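This report refers to the structure that appears directly beneath it.
The values are calculated or read from the model by the stated rules, or taken from the named source; none is laboratory data. If you're wondering where the values come from, they're calculated on a predicted model, not measured in any experiment. Don't worry about glycine lacking a Cβ; one is built from the backbone with ideal geometry, like all the others, and counts go over all protein chains shown.
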Amino acid sequence: MPITLKELADFCDAQIIGGDLSTSIYSAADITSAQTGQVTQLTNSRYAQHVKNSTASACFIAEGFTVDNVPECMALLVCADPELSFIRAVELLHPARVYSPQIAPQAVLENNVILGDEVYIGPYAVIGENASIGDGSAILAGVYMGKNVKVGKNCRIHPYAVIYDDVVVGNNVIIHSGAIIGADGFGYKFRNNVHVKVPQVGNVVIDDNVEIGANTCIDRGALGSTLIGAGSKIDNLVQIGHNNKVGKNVIMCGLTGVSGSCNIEDYAILAGSSGVADHVTIGTGAVVMARSGVAGDVKAGTQVFGSPAKDKKTAYKEQIAISKLPELLKKVKLLEEKIQALEKNT
């Protein structure tokens, strides 16, 4: 449903410069493709070149941000935080799907399932015995929830996610399709030339406001709990091993792998394809850069890179030195030839 430019500005606490207050805004788009009836954002001067020929009806910019050659058709929405204002605009113009409370006839609910108010359970979802689902949560088609699983309020579990027995999920949690929460941890002992499986009898506990990406796997603890702290965001295709303790507001990007019994402290960032060995602590606010392999503890607030990971500045210097090796080898070869010539002359 479209809204006027003035309504959008009021909703996002933005000041309007130029444009027609009655202009209809239908949707949002990026600065390179936005057209008439759409709102966009400009938060980086690198993209300012796209403003001149844009037909977007409105554009969020920061206070004090200078934009040249603004088309007459474009209104500027000036605000303190254009990125956050644009997010609010996207949420308003592209609202999330709302599921009306119901239990699909094809769903399977085993004994003693407890359902809160306004719960949606989609077709072919399976809810194990003694499970509970909080108010306003949506369990979409094909989800499997095992015995004794507890899901809090206002959660959304997307199609074909699997939640094993005894998992505890907090409020406002999003679990995307194909994620598997609570599978056995990877634990074996080698005896008499065979791998003996260590029983995995713990669980997974996910705190409030966590989002877990598609096809991500979080293993149950061997004895205790694998913990995911409040506000943490986990990307697609992430592997979190058993007994890990993930703190609050941690970011884990795609293809990250964390071995067992690690401690990822609050606000840490693990960039794409990073790997962490077992029994490692990543300190508060530390950053593990993309494709890094962490074999030892990382201090709070530091940034590490490489494999094995080390301080970013040191790792960059080593990379620069390595890039100069071919040139150094040529020089060494020339020096060897000169030395050989001198030896022959003497």
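Worth pointing out:
- Residue identified as among the acidic types (Asp, Glu) and under 20 Å from the mean Cα position of the chain (by Cα) among ASP207, ASP166: ASP207
- Flag for VAL119 being in the same structural domain as GLN239 (by TED's automatic domain parsing) and touching a Pro at 6+ places or on another chain (Cβ under 7 Å): yes
- Residue in region 298-305 that is of a type in the set (Phe, Trp, Tyr) and in a helix (DSSP H, G or I) present: no
- Pairs with Cβ under 7 Å, 6+ apart, first in region 225-244 and assigned to a loop (DSSP other than H, G, I, E, B), second hydroxyl-bearing (Ser, Thr, Tyr) and buried (at least 21 other Cβ atoms within 10 Å of the Cβ): ASN236/THR216; LEU237/THR216; VAL238/THR216; VAL238/THR256; HIS242/THR226; ASN243/THR226; ASN244/THR226
- Test: residue in region 55-65 that is hydroxyl-bearing (Ser, Thr, Tyr) and surrounded by 23 or more Cβ atoms within 10 Å (Cβ to Cβ): yes
- Test: residue in region 192-212 that is modelled with pLDDT of 95 or more, over 17 Å from SER261 (Cβ atoms) and among the small types (Gly, Ala, Ser): no
- Residue within region 95-112 that is of a type in the set (A, V, I, L, M, F, W, C) and over 28 Å from GLY142 (Cβ atoms) present: no
- Considering residues of region 318-346 that are polar (S, T, N, Q) and either touching a residue at least 40 places away in the same chain (Cβ under 8 Å) or assigned to a helix (DSSP H, G or I) (or both) only, the residue nearest to ASN263 (Cα to Cα): GLN319
- Taking the numbered list (1) outside any strand (DSSP E or B); (2) under 29 Å from ILE174 (Cβ atoms) in turn, LEU77 passes all entries but (1).
- Residue count for region 242-258 under the criterion of being more than 14 Å from the chain's Cα centre (by Cα) and either aromatic (Phe, Trp, Tyr) or surrounded by fewer than 20 Cβ atoms within 10 Å (Cβ to Cβ) (or both): the result is 1.
- Failed criterion for LYS189 (all others in (1) farther than 29 Å from LYS150 by Cβ; (2) assigned to a loop (DSSP other than H, G, I, E, B) hold): (2)
Results for (1) under 21 Å from ILE218 (Cβ atoms); (2) hydroxyl-bearing (Ser, Thr, Tyr); (3) part of a strand (DSSP E or B); (4) modelled with pLDDT of 95 or more, shown as yes or no for each residue.
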{"position": "ASN249", "(1), (2), (3), (4)": "yes, no, no, yes"}
{"position": "SER261", "(1), (2), (3), (4)": "yes, yes, no, yes"}
{"position": "ASP266", "(1), (2), (3), (4)": "yes, no, no, yes"}
{"position": "GLY272", "(1), (2), (3), (4)": "yes, no, no, yes"}
{"position": "ASP278", "(1), (2), (3), (4)": "yes, no, no, yes"}
{"position": "GLY285", "(1), (2), (3), (4)": "no, no, no, yes"}
{"position": "GLY296", "(1), (2), (3), (4)": "no, no, no, yes"}
{"position": "TYR316", "(1), (2), (3), (4)": "no, yes, no, no"}
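- Evaluated against (1) in a loop (DSSP other than H, G, I, E, B); (2) surrounded by 12 or more Cβ atoms within 10 Å (Cβ to Cβ), ASN69 falls short on exactly one condition, (2).
- In the condition set (1) surrounded by fewer than 18 Cβ atoms within 10 Å (Cβ to Cβ); (2) of a type outside the set (D, E, K, R); (3) at positive phi; (4) modelled with pLDDT under 95, GLY19 is compliant with all but (1).
- If you go through region 114-139 and keep only what is in a loop (DSSP other than H, G, I, E, B) and surrounded by 19 or more Cβ atoms within 10 Å (Cβ to Cβ), you end up with VAL119, GLY122, ALA125, GLY128, ALA131, GLY134, GLY136, SER137.
- Within region 69-88, being of a type in the set (Gly, Ala, Ser) and more than 21 Å from the chain's Cα centre (by Cα) holds for ALA75, ALA80.
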